[in-house]
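These notes concern the structure reproduced below.
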Amino acid sequence: MSGSVVKISELIFSWKPQEAPLLNISFFEVERGEKVFLCGPSGSGKSTLLNLIGGVLSPVSGHVSILDENLAGLSSMKKDRLRGDRLGFIFQMFNLIPYLSVVDNVVLPCNFSELKKRKILEAGLTLEQEAERLLAHLRIDVDTVKNRPVTELSVGQQQRVATARALMGMPALIIADEPTSALDADTRNAFIDLLFHECQKSGSTVLF
């Protein structure tokens, strides 16, 4: 297995066949353990690129490989398995489940991935203990909110819950779409430090 987590070559993407490409990337690579920040104006294709890397979108042409898996060669089911086992997503709109408690939202990835579940159990923790550990590390008052519906939390708290969910099971790659957009300036840098520390501990690569 190579040292790259993400490798893109000769990628072209457009929303419609006759439109000029939104993305035209000759080569892009993210090595294991790197923390890579994508910066650009609104509408430049940042979220689109993250969705291509996550296998949610497909390019018009070119190659996208994740952890030595060529996404074009995978069935929809195998893409789902790759995302479930090896990736963690922090969505721009959070995508929390409103009728679940805070802890149940964080544990959710382990319901779809035996690999993530096994990693936590082999570390000597229950899924709930790992969820609570991550929440506490992201400065959520666990005892106060853990059994509350996520709809009762502030926007900033919801974003940190979404981050804890993405970190469950030590995924190889964290894809974060504007992970600090709901945080004020005073807490943004502290949040990034916490995210990087947790990713370093688990060996996760970060693309955001």
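The values are calculated or read from the model by the stated rules, or taken from the named source; none is laboratory data. Being a predicted model, the structure only gives us computed values, none of them experimental. Neighbour counts run over all protein chains shown; Cβ positions are idealised from the backbone, glycine included. Just the protein is used for accessible areas: all its heavy atoms, side chains included, with ligands, DNA and RNA removed. Shrake-Rupley method; radii C 1.70, N 1.55, O 1.52, S 1.80 Å.
The table below gives the values:
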quantity: The chain, accessible surface, carbon-and-sulfur percent (1.4 angstrom probe); calculated: 52
quantity: Percent of beta bridges antiparallel (DSSP, the chain, rounded to nearest 5); calculated: 65
quantity: Built amide H within the under 5 Å cut-off of Gly88, gap 5+; calculated: Leu173, Ile174, Ile175
quantity: Dipole magnitude of the chain about its Cα centre (Cβ charges: Lys, Arg +1; Asp, Glu -1), debye to nearest 20; calculated: 320
quantity: Selected from Val150, Val30, Val56 as most flexible by GNM, with the chain as the system and alpha-carbon contacts under 10 Å; calculated: Val56
quantity: Neighbour net charge for Val155 - beta-carbon separation under 14 angstrom, K R +1, D E -1; calculated: -1
quantity: Local electrostatic count, Gln92, Cβ distance below 12 Å [Lys/Arg +1, Asp/Glu -1]; calculated: -1
quantity: Residue among Gly43, Ser204, Ile8 farthest towards the positive dipole end of the chain, charges placed on Cβ; calculated: Ile8
quantity: In the chain, lysine pairs with alpha-carbon atoms under 20 angstrom apart (chain gap of 8 or more, or interchain); calculated: 15
quantity: Per residue solvent-accessible surface (Å²) - the stretch 8-119, probe of 1.4 Å; calculated: 57
quantity: Solvent-accessible heavy-atom area per residue, rounded to whole Å², over the stretch 127-177 at 1.4 Å; calculated: 38
quantity: Selection from Phe27, Ile90, Ser76, by position along the positive dipole direction of the chain (Cβ); calculated: Ser76
